[in-house]
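The block underneath contains the structure these notes are about, expressed in structure tokens.
The values are calculated or read from the model by the stated rules, or taken from the named source; none is laboratory data. Bear in mind the structure is a predicted one, so any value in this text is a computation, not a measurement. Cβ placement follows ideal geometry from the backbone for every residue including glycine, while neighbour counts extend to all protein chains displayed. With ligands, DNA and RNA removed, areas are computed over all heavy atoms of the protein, side chains included. Shrake-Rupley method; radii C 1.70, N 1.55, O 1.52, S 1.80 Å.
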Amino acid sequence: MPKVTIDGIEIEVPKGTTILQAARMIGPEVAPPTMCYYSKLKTSGGYCRTCIVKVSKGSAQNPNPMPKPVASCRTEVMDGMEVQNITSPEVLEARKGVVEFLLINHPLDCPICDQAGECDLQNLGYEHGAVKTRYEFKRREFEVIDIGKYIKLHMTRCILCYRCVKTCEQITDKRVHGVIHRGDVSEISTYIENAIENDFSGNVIDVCPVGALTDRTFRFKSRVWFTKPVDAHCGCNKCSGKVRLWLKGEEVLRVTARKDQWGEVEEFICNSCRFEKKKKSDWVIEGPSPISHQSVISQNHYNHLNEVKIQVLKQQKALGFAETKGDSVTRK
Amino acid sequence: MGKKLLIHNEHVAGIHTYEVYRQMGGYASVEKAIKTMTPDQVTDEVKKSGLRGRGGAGFPTGLKWSFLAKPEGVPRYLVCNADESEPGTFKDRYLMEKIPHALIEGMITSSYALGANTSYIYIRGEYFYVARILETAIQEAYTNGWLGKNILGSNYSLDLYVQVGAGAYICGEETALLESLEGKRGNPRIKPPFPAVAGLYGAPTVVNNVETIAAVVPIVNNGGEEYAKIGVGKSTGTKLISASGHINKPGVYEIELGIPVEEFIYSEEYCGGIRNGKKLKAVVAGGSSVPILPTELILKTAKGEPRLMTYESLSDGGFITGTMLGSGGFIAMDEDTSIVKNLFTFARFYHHESCGQCSPCREGTGWMEKILKKFMNGTANEADVDLLWDIQSKIEGKTICPLGEAAAWPVAAAIRHFKQEFIDIAKSKKFVDVSHYNRLNKTKEAV
Ligand SMILES: Cc1cc2nc3c(=O)[nH]c(=O)nc-3n(C[C@H](O)[C@H](O)[C@H](O)COP(=O)(O)O)c2cc1C
Ligand code: SF4
Ligand code: SF4
Ligand code: FES
């Protein structure tokens with residue numbers, strides 16, 4: 001089995017493992033952030049470029065470094081490979097660039113966005129973003145569209161991660177979801193605005209890292225951090241029936257799939273479970289949900305981030321980099 | 001006069017027809033290859049010739065062919081890249097329009113070498129009339145037994161198709177081309193796997209430029225060694241150059257690789273010097289993506305040696321003082337040219353052509369165009385130059401396909417060599433009229 005070293009930590013992984021997966025095996029401290037990769041969706045990843053890392057040694061056989069940073073989610077490890085993520089100032093600087101690119105056309109309408117509080121872009125911006133925008137132009141705008149009676153598309157917030165496209169391709173039976181146009185006017189479309197009439201279409205809401213695809217039945221009901229997540233199940237004959245309920249008092253405000261520590265859905269759920277079973281009596285409640293470090297709902301989140309920052313600073317100091325000013329790293 | 005191998009018959013009347021092409025010795029390479037050579041022998045000749053890809057990257061063609069996976073029972077494909085959309089490049093069109101059979105012949109000989117029984121020519125949508133010329137030529141080739149079943153009585157069969165794209169620069173990137181050819185959205189694929197292993201419909205595929213494939217004809221006819229005698233070092237053979245800009249004689253020229261850049265610009269045989277007696281200011285030597293160089297660096301390398309029209313000489317000095325031969329789109333600019341305005345038009349192009357898959361290119365190309373537009377509007381300030389520099393550095397090397405680099409390099413080079421011009425414009429607050437571009441810009445969000 002190939003051995004790979006990431007930020008100085010060695011791990012042995014099965015052949016075919018990507019750098020990202022290997023890093024996740026080591027732990028969240030060295031795992032690069034992801035905005036488009038989704039382990040449950042085949043051929044996902046490679047688009048957003050937030051997970052880029054530096055391969056400082058290609059392999060034991062070919063020790064040359066790779067000339068450009070690579071997308072860790074789409075690059076397989078080789079035996080003897082050495083990877084730098086948070087120990088490389090270039091990677092951090094490049095990632096800051098990617099985050100900036102993702103944000104320049106984002107509406108930053110978090111105060112009125114249902115995703116706020118569980119938005120990957122918010123978290124990413126907090127960890128890697130700059131304090132001030134350098135973008136002085138009008139941001140791109142699209143009309144808000146209802147995709148059927150359950151889903152709303154705010155294209156303006158979309159980061160074109162292609163996750164929803166892959167979801168429709170891979171877990172619904174008729175593909176009606178895709179991308180039209182190109183470049184920075186590309187749009188998610190359902191050929192063209194056909195409602196997605198499919199029992200599993202609601203999963204696009206869960207895979208969407210931002211507030212571009214949201215649940216119409218939850219719209220403006222509550223800020224997510226005022227709701228309490230509990231794990232629950234029901235005897236569903238279409239899906240596993242294993243869900244997460246978001247409660248306010250006795251009321252079920254929202255039903256989602258359960259997510260793992262990387263913010264990914266554990267098992268996709270059907271639309272009946274998601275949109276139609278909104279009474280507590282529809283469910284057998286198992287207990288409070290474990291909340292991933294990705295979520296601001298978890299109080300520990302920011303502690304964890306501070307931990308990461310301290311680690312980064314330590315490593316940089318050890319490598320002889322100058323004091324960091326604000327969030328940017330400068331070379332001595 | 002330099003030796004010509006590709007367009008030596010360009011002025012023969014009727015050379016676009018099968019009869020005349022055949023009379024002038026056409027299709028000899030197919031006869032020679034199929035009757036007297038094994039496929040591997042053809043590949044060997046191409047290897048010996050030192051031929052390098054003429055689509056831009058200059059990758060050795062013989063080597064590329066030898067990488068083609070050959071699993072049993074799986075078809076293999078040869079796909080000709082006739083998407084030619086790089087600004088400043090129009091040599092493939094000239095060749096296909098004038099001597100279409102040169103490409104058809106090259107396709108047959110090359111397909112034979114690769115063991116492909118179905119091959120495609122993917123041509124950009126704007127070249128629809130060239131597609132018709134090619135289709136006529138293909139029909140003639142079928143009628144005369146050069147295509148179809150059992151060519152020349154051998155057991156080798158080949159079908160050749162022309163596929164017209166919808167007009168997108170990105171579909172010239174080989175994996176986007178394959179997606180488009182499969183009928184999908186032309187998004188570049190994430191590599192690996194490379195086309196040599198999993199290309200068209202998942203089968204092993206070679207993608208080559210029009211000129212590369214046409215060059216296989218003289219290589220097979222005269223032998224690889226003969227071809228390699230032309231040129232300098234690893235830049236062998238002849239190359240078509242699309243010359244444009246402020247020169248006396250714009251057009252397509254076939255040059256022997258290795259002639260000095262100065263000779264190419266000033267000799268009567270080629271560009272005939274700068275028009276209206278003006279002085280040369282800068283050259284983009286290999287299509288809009290390659291770094292622009294000021295006169296002193298395009299005529300001579302940083303070491304003071306004369307710069308030659310070869311892959312190596314043009315890239316001497318890396319990107320600090322050098323550039324690339326690229327696709328051979330040679331754009332000369334005279335002393336009155338605004339480098340910034342020119343850069344704006346390039347940036348506008350890349351913004352328009354980004355496929356939008358990856359964030360740095362999707363967002364960065366538009367941002368750079370908008371900042372350059374400020375220079376046109378007289379609203380830029382000096383800090384914008386540094387911002388542009390930073391943005392291009394954050395695109396370069398961080399994207400899925402090289403279009404990101406193609407957008408970043410021209411910006412970097414213009415600032416590297418002509419920074420003062422940016423600053424002067426920012427200070428002067430002068431308005432540069434580019435309104436005529438907006439006519440083409442209707443469908444797009446206004447910049
Ligand atoms: C954005 C982009 C556009 C390209 N356009 C073309 C093109 O129009 N024609 C071409 O031959 N190669 C083009 N290429 C290069 C191809 O990807 C590929 O390298 C080439 O077709 C290989 O053929 P060759 O080895 O014969 O040069 C382009 C590459 C990129 C990244
Ligand atoms: S709508 Fe959401 S999931 Fe779909 S591409 Fe946009 S950001 Fe990704
Ligand atoms: S670099 Fe640009 S053109 Fe290439 S895949 Fe990314 S967005 Fe598309
Ligand atoms: S997570 Fe790897 S490129 Fe988006």
Of the residues in region A:12-56 that are among the hydrophobic types (A, V, I, L, M, F, W, C) and within 13 Å of chain B (Cβ to nearest Cβ), the one that is nearest to A:G125 (Cα to Cα) is A:M35
Within region A:28-44, restricting to residues that are more than 16 Å from ligand 3 (Cβ to nearest atom) and among the β-branched types (V, I, T), the one that is most open to solvent (accessible area, probe 1.4 Å) is A:T34
The correct count of residues that are more than 16 Å from ligand 3 (Cβ to nearest atom) and open to solvent by 40 Å² or more (accessible area, probe 1.4 Å) in region A:158-185 is 6
A:L102 fails exactly one of (1) in contact with a Leu (Cβ under 9 Å, 6 or more places away or on another chain); (2) outside any strand (DSSP E or B); (3) away from ligand 3 (no atom under 16 Å from the Cβ), namely (3)
Filter region B:389-404 for residues that are away from ligand 4 (no atom under 16 Å from the Cβ) and within 9 Å of another protein chain (Cβ to nearest Cβ); the one that is least open to solvent (accessible area, probe 1.4 Å) is B:I391
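Taking the criterion of being at pLDDT 95 or above, over 23 Å from A:H128 (Cα atoms) and open to solvent by 10 Å² or more (accessible area, probe 1.4 Å), would at least one residue in region A:45-57 satisfy it?
Checking region A:45-57: at least one residue is at pLDDT 95 or above, over 23 Å from A:H128 (Cα atoms) and open to solvent by 10 Å² or more (accessible area, probe 1.4 Å).
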Filtering region B:32-47 down to residues that are open to solvent by less than 80 Å² (accessible area, probe 1.4 Å) and of a type outside the set (K, R) yields B:A33, B:I34, B:M37, B:T38, B:P39, B:V42, B:T43, B:D44, B:E45, B:V46
Within region B:248-266, does at least one residue satisfy the condition of being assigned to a loop (DSSP other than H, G, I, E, B) and more than 22 Å from B:E10 (Cβ to Cβ)? no
Matching residues in region B:68-87 (in a loop (DSSP other than H, G, I, E, B) and within 12 Å of ligand 1 (Cβ to nearest atom)) number 5
Filter region B:35-67 for residues that are hydrophobic (A, V, I, L, M, F, W, C) and part of a helix (DSSP H, G or I); the one that is farthest from ligand 1 (Cβ to nearest atom) is B:V42
In region A:237-250, residues that are within 24 Å of A:C164 (Cα to Cα) and crowded, with 16+ Cβ neighbours inside 10 Å total 8
For region B:386-412 the number of residues that are of a type in the set (D, E, K, R) and in contact (Cβ under 8 Å) with a residue 60 or more places away in the chain is 1
Counted residues in region A:98-142 being more than 14 Å from every other protein chain (Cβ to nearest Cβ) and among the charged types (D, E, K, R) come to 4
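Yes/no matrix, rows are residues, columns are (1) within 14 Å of chain A (Cβ to nearest Cβ); (2) within 26 Å of A:F101 (Cβ to Cβ):
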{"residue": "B:Y311", "(1), (2)": "no, no"}
{"residue": "B:A332", "(1), (2)": "no, no"}
{"residue": "B:F346", "(1), (2)": "no, yes"}
{"residue": "B:C358", "(1), (2)": "yes, yes"}
{"residue": "B:W367", "(1), (2)": "yes, yes"}
{"residue": "B:L372", "(1), (2)": "yes, yes"}
| said: Any residue at all in region A:146-157 that's over 26 Å from A:K228 (Cα atoms), open to solvent by less than 30 Å² (accessible area, probe 1.4 Å), within 14 Å of chain B (Cβ to nearest Cβ) and within 16 Å of ligand 3 (Cβ to nearest atom)? | reply: no
key: Boolean, B:I241 is at pLDDT 95 or above, part of a helix (DSSP H, G or I) and of a type in the set (A, V, I, L, M, F, W, C)   = no
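Confirm whether B:L78 is crowded, with 21+ Cβ neighbours inside 10 Å, closer than 23 Å to B:K239 by Cβ and either within 16 Å of ligand 2 (Cβ to nearest atom) or modelled with pLDDT of 95 or more (or both).
So B:L78 passes the test.
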Pairing a residue in region A:1-20 that is among the small types (G, A, S) with any residue that is surrounded by fewer than 19 Cβ atoms within 10 Å (Cβ to Cβ) and at pLDDT 95 or above, where Cβ atoms lie under 8 Å and the two sit 6 or more apart in sequence or on different chains, gives A:G16/A:E76
Reported set for region B:136-171 where residues are of a type in the set (F, W, Y) and either open to solvent by 30 Å² or more (accessible area, probe 1.4 Å) or within 16 Å of ligand 1 (Cβ to nearest atom) (or both) is B:Y142, B:Y161, B:Y169
For region A:251-288, the count of residues that are among the polar types (S, T, N, Q) and surrounded by 20 or more Cβ atoms within 10 Å (Cβ to Cβ) equals 2
Within region B:61-75, residues surrounded by 17 or more Cβ atoms within 10 Å (Cβ to Cβ) and either farther than 15 Å from B:P218 by Cα or acidic (D, E) (or both) come out as B:K64, B:W65, B:L68
Within region A:142-164, restricting to residues that are part of a strand (DSSP E or B) and in contact (Cβ under 8 Å) with a residue 24 or more places away in the chain, the one that is farthest from ligand 2 (Cβ to nearest atom) is A:D146
Q) Does region B:336-344 include one or more residues that are within 9 Å of another protein chain (Cβ to nearest Cβ) and either surrounded by fewer than 22 Cβ atoms within 10 Å (Cβ to Cβ) or of a type in the set (S, T, Y) (or both)? A) no
Taking first residues from region A:219-246 that are aliphatic (A, V, I, L, M) and second residues anywhere that are part of a loop (DSSP other than H, G, I, E, B), the pairs with Cβ under 7 Å that are 6 or more apart or on different chains are A:V224/A:G117; A:V224/A:E118; A:V224/A:I297; A:V230/A:S289; A:A232/A:W283; A:V243/A:R258; A:V243/A:I269; A:L245/A:W283
Per the filter on region B:312-335, residues surrounded by fewer than 23 Cβ atoms within 10 Å (Cβ to Cβ) and within 16 Å of ligand 1 (Cβ to nearest atom) are B:S315, B:M324
Per the list (1) within 16 Å of ligand 2 (Cβ to nearest atom); (2) more than 24 Å from A:R157 (Cβ to Cβ), residue check on A:M66 breaks on (1)
request  = Output yes when any residue across region B:364-375 is more than 15 Å from ligand 3 (Cβ to nearest atom), open to solvent by 40 Å² or more (accessible area, probe 1.4 Å) and outside the structural domain of B:S315 (by TED's automatic domain parsing), and no when none is.
outcome  = no
